[in-house]
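The values are calculated or read from the model by the stated rules, or taken from the named source; none is laboratory data. Fair warning: this is a prediction, and the values are worked out from it, not measured in the lab. So basically every Cβ, Gly included, is an ideal-geometry build from the backbone, and we count neighbours across all protein chains shown. Only protein heavy atoms, including side chains, enter the accessible area calculation; ligands, DNA and RNA are left aside. Shrake-Rupley method; radii C 1.70, N 1.55, O 1.52, S 1.80 Å.
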Amino acid sequence: MAVRNDIASIKDLKGKTVAASAPGTAPYFTLAWFLRKNGLSLKDVRVVNMEPGPAAQAFVAGQNDAAMTYEPFLSTVRATPQSGKIIATTLDYPMIMD
């Protein structure tokens, strides 16, 4: 999960816009999991359905408050620290197995 630099925790996403793939996908499930583990639900955020690549590109371009994405698209966020930071990964919240 990539977030704007002024977001200190996942709890700070309440009322914010998050780009994530459609319901039934791994990024959407991951978003729901991250939110739940931090006392929030999908009802607490506004989800904009975007696939991981476009979500990362839109985030770097200044759209949305957060983006659910994965490698190689997380590297796009890491390469532009002025646009935001990576606040959580499945390393922090282990819940997806290959």
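Descriptive notes on the structure:
- Looking only at the stretch 40-51, residues that are open to solvent by less than 70 Å² (accessible area, probe 1.4 Å) and either assigned to a loop (DSSP other than H, G, I, E, B) or over 15 Å from T17 (Cα atoms) (or both) come to 4 in all.
- With respect to the stated conditions, A22 fails to be aliphatic (A, V, I, L, M), assigned to a helix (DSSP H, G or I) and in contact (Cβ under 8 Å) with a residue 24 or more places away in the chain.
- Check on F29, modelled with pLDDT under 95, in contact with a Gly (Cβ under 6 Å, 6 or more places away or on another chain) and surrounded by 13 or more Cβ atoms within 10 Å (Cβ to Cβ): no
- When residues of the stretch 54-85 are limited to those that are at pLDDT below 95 and not in a loop (DSSP other than H, G, I, E, B), the one surrounded by the most Cβ atoms within 10 Å (Cβ to Cβ): V77
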